[in-house]
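We did not get these values from a lab; they are worked out from the coordinates using the rules stated. None of the values given here were measured: they were computed from a predicted structure. In this analysis, Cβ positions are derived from the backbone assuming ideal geometry, glycine residues included, and neighbour counts consider all displayed protein chains.
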């Protein structure tokens, strides 16, 4: 990182730099708040993130709100959130961390199209001034990205914004985008 071998960094310091949301994220049988913050604390600063990721309706309908336990492992009254609600909790966790780098690996795969649209519509607000790496094979969701790197054979084959990449005749991105777009026409 920055020309320095990552093994030279203190691992705890290094881990504070990144807030990932991977496809195979895990939630725990703790409260919603604990799943996001991993600690007991005042929840007032959490409300903005809850609203940004679209969890306000889900949390508002719960009797215990953010203090509701997920799943029924430790509490028979725990809630079983949908896949999309779980994914929003994972995104909220990454944003709450306030790390300078956010890594999003197919972060909306479990969301319905309208929820996915809302996440993308608010993406710049969600990540703020952080650097975000967004990994996706669904190219319609890449349109909001400032820069797109298309990898092929382990190397960057194309690089630019959406409009630049779809304009490359016989380009990898343009072909994939057109193939995917056919299903929506």
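Once the Cα atoms of helix 83-96 and of the chain are each reduced to a long axis, what angle between those two axes, in degrees from 0 to 90 to the nearest 10, is obtained? Rounded to the nearest ten degrees, it is 90. Can you compute the FRET efficiency between residue 181 and residue 10 using 1/(1 + (r/R0)^6), with r the Cβ-Cβ distance and R0 = 41 Å? Round to the nearest 0.05. The pair residue 181/residue 10 has a calculated efficiency of 0.35. Ordering 134, 159 by the number of other Cβ atoms within 10 Å of each residue's own Cβ, fewest first, gives 159, 134.
Taking other C-beta atoms within 10 Å as the exposure proxy, 175, 61, 97 rank 61, 175, 97 from fewest upward. Remark: spin-label model distance residue 164-residue 80 equals 4.8 nm, labels positioned 7 Å along the Cα→Cβ axis. Taking the DSSP bridge list for the chain and keeping only pairs wholly inside it, about 40 percent are antiparallel. Considered as an equivalent ellipsoid built on the Cα gyration tensor, the stretch 6-135 has semi-axes of 24, 18, 14 Å, the largest given first. One compactness figure for the stretch 95-167 is 1.14, namely its Cα radius of gyration divided by 2.2 N^0.38 Å.
By the count of other C-beta atoms within 10 Å, a proxy for reagent exposure, 89, 36, 156, 135 are ordered fewest to most as 156, 135, 89, 36. Between the Cα long axis of helix 172-181 and the first principal axis of the chain there is an angle of about 60°, rounded to the nearest 10. Remark: the residue 98-residue 129 segment gains 10.1 nm on full extension, using 0.36 nm per residue and subtracting the alpha carbon distance. Size check on the stretch 1-60: the Cα extents along the three principal axes, sorted descending, read 46, 25, 23 Å.
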